[in-house]
1. Over the chain, what is the percentage of antiparallel beta bridges among all DSSP beta bridges, to the nearest 5?
2. Go ahead and set up a Gaussian network model of the chain, Cα springs under 10 Å, then flag whichever of GLY17, GLY282, GLY156 fluctuates most.
3. Going through the cross-link list LYS152/LYS294; LYS152/LYS229; LYS151/LYS294; LYS218/LYS317; LYS45/LYS223, which pairs have a Cα-Cα distance over 22 Å in this structure?
4. Compare MET367, MET186, MET255 in a GNM of the chain, Cα atoms joined below 10 Å, and give the one with the largest fluctuation.
5. Run the numbers on the stretch 296-381 and let me know its relative contact order in percent, using alpha-carbon pairs under 8 Å that are six or more apart.
6. Using a Gaussian network model of the chain with C-alpha springs under 10 Å, which one of ASP64, ASP276, ASP363 is most mobile by mean-square fluctuation?
7. Could you give the spread of the C-alpha atoms of the chain along their three principal axes, from largest to smallest, in whole angstroms?
8. Of all trypsin sites (Lys or Arg not before Pro) in the stretch 300-388, which ones are in loop regions per DSSP and have a Cβ with at most 10 other Cβ atoms within 10 Å?
Amino acid sequence: MKSENFDIILCGSGMAGLSLAYRALREGVWKNERILIIDRSPKDKNDRTWCFWQRESAESPFQDVIYRSWQNLSCFTNTGRQIVLNRGDFAYNMIRSIDFYRSVQEFLSTCPQVTFRYEEIISVSSQENGGLVETSAGSYRARYIFNSVYKKPELGSSEQYFLQHFKGITIRTDQFQTDPDKMYLMDFRTSQEHGTTFFYVLPINRKEIFIEYTIFSKSLLTKEEYDLKIRAYLKNVLKINEYEILESEFGYIPMTDFEFKRRSGNIINIGTAGGDTRGSSGYTFTNTQKTISKILTSFRKEGHPFSIKENISRKHKLLDATILKVLNNNVYQGHQIFSDLFDRVDGETVFRFLDAESTLRGDLKVMRSLQAKHFIGPFFNVLYNKFM
Ligand SMILES: Cc1cc2nc3c(=O)[nH]c(=O)nc-3n(C[C@H](O)[C@H](O)[C@H](O)COP(=O)(O)OP(=O)(O)OC[C@H]3O[C@@H](n4cnc5c(N)ncnc54)[C@H](O)[C@@H]3O)c2cc1C
C-alpha cells in the first residue's frame, strides 16, 4: 500500500470538487501547491444536467459550458393553468455535466501539480497538522482536505429527510409543438400520489427536448414507474407519441433540515456533503459556487480556507425546515404551495428567495403568498425542535 503527501486533497471529483480545483488554479489562488484529486471512477459520462438561474448581467465561472439558456419561463398548475413567470433579468441556464467534466479536466491536465487517482475512498480524518485519506490503494496526507463524498447522515429524532429523485431523458421528435425558447420550470400536470411531483421541460431546439420527472418524497420508485409516468406525460400533455431517447439520467439528492458540518478540523466539506443543497428545493450548483468563492477569498486573505460565512442563513434554514414539515403533513400539498407562490410572487423574488439572497420584504412577500394556516403549526414545531 502506498503512502504519499500532498498540500491539498480533494475527495470526490464531481461538481463541487472539480469546480474548486478549476477555480483555485485558474484564479491563481493555488500556485505551487501539490494537489491530489481522488474519485472512485473517471468522470466521462453525461450523468446529470445542472440548471440554475443567473442574472443576465452576471457571469458564471462556467459560462463557456452553458449549453442552453431560456428567458421565457412558465409553470403549470396541477389543473393545467399556465403561469408565465415575471423573471426580471434572470435567465435559466443549463450545463450538461459531460461538457463541464471535459472542460475542467482538460484545463487540469495542463496543471503539472495536479494528480488524479481513481480509488475507493474508505475514510477521511483530520489530524494535528492536516488530514489523512485512506483509500482502497493507499493512504494520503495533506494540509487541507476538501471532501465532497456524501454519506447519508445519522438523523436526530426531529430531523426531516426527503429525497428529491429524478429521471431525465433527452428525446428527439418531430412532434414537439411548442416554441423551443419557452421552458417549463415546474409542470405539475402529472399525478401527485407519491408526493410533490412535476416535470421540467427544457427544449434544446425544435426537435430535441430534455424532460425531467422529479419527485420530493421519502422513498424511490421502481424503474418502471418513472418510465411509465414519463411516457404518459409525453403522450397526454406534450402530445408526443413518436420519439427516440438520445440520453437518460437518474439520480437523487437529500432535502433535509439536518445541519451538515462545513468543517471538521482540517477537513472542509463542500457540495451536497457540505450542506450546499438547499433543503426546500434541492438546488445545489449556485450555492456550491458561492461557497467556493468564499473559500478562495479566505485563502487569498488569510492563507487558509476556514473563514467561510454560510450562504444559506439560519433564517433560510428555518424556512426550509418549515416547508419540509408542511410537505410532510401533505394537507397543503407541494403543487398547491408552488402554484400559489408563482401565482402571487414575481419570479425574480422567488429566485432571490431560493438563492438565500432575499430581503425581509421579499421573505414577507413569499410568506404572504402561501396559506398561512398551514405554516403556523409547523413553524412553531420547527422552532421548538431547533431551539428548545
Ligand atoms: C440527476 C441530478 C440532477 C441534478 N440537477 C441539478 C440542477 O439542475 N441544479 C442544481 O443546482 N443541482 C442539481 N443536482 C444536485 C447537485 O447539483 C448535484 O448532485 C451535484 O453533482 C452535487 O455535486 P457534489 O460535488 O456535491 O456531488 P457529486 O457531483 O455527486 O460528486 C461526488 C463525487 O464523489 C465520488 N464518490 C462518492 N463516494 C466515493 C467513494 N467512496 N470513493 C471515491 N469517490 C467517491 C463520486 O463518484 C462523485 O464523483 C442534481 C443532482 C442529480 C443527481
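Here, each number is a calculation from the coordinates, and none is a lab measurement. No experiment lies behind these values; they were computed from the predicted model shown. Backbone-built Cβ (ideal geometry, glycine too); neighbour counts: all protein chains shown.
1. Antiparallel bridges: around 70 percent, rounded to the nearest 5.
2. It is GLY156.
3. Those over the limit are LYS152/LYS294; LYS152/LYS229; LYS151/LYS294.
4. Greatest mean-square fluctuation among the candidates belongs to MET367.
5. 31
6. Per the Cα network of the chain with a 10 Å cutoff, ASP64 tops the list.
7. 60, 55, 42
8. Here the trypsin sites (Lys or Arg not before Pro) that fit, given the DSSP loop and packing criteria, are LYS309.
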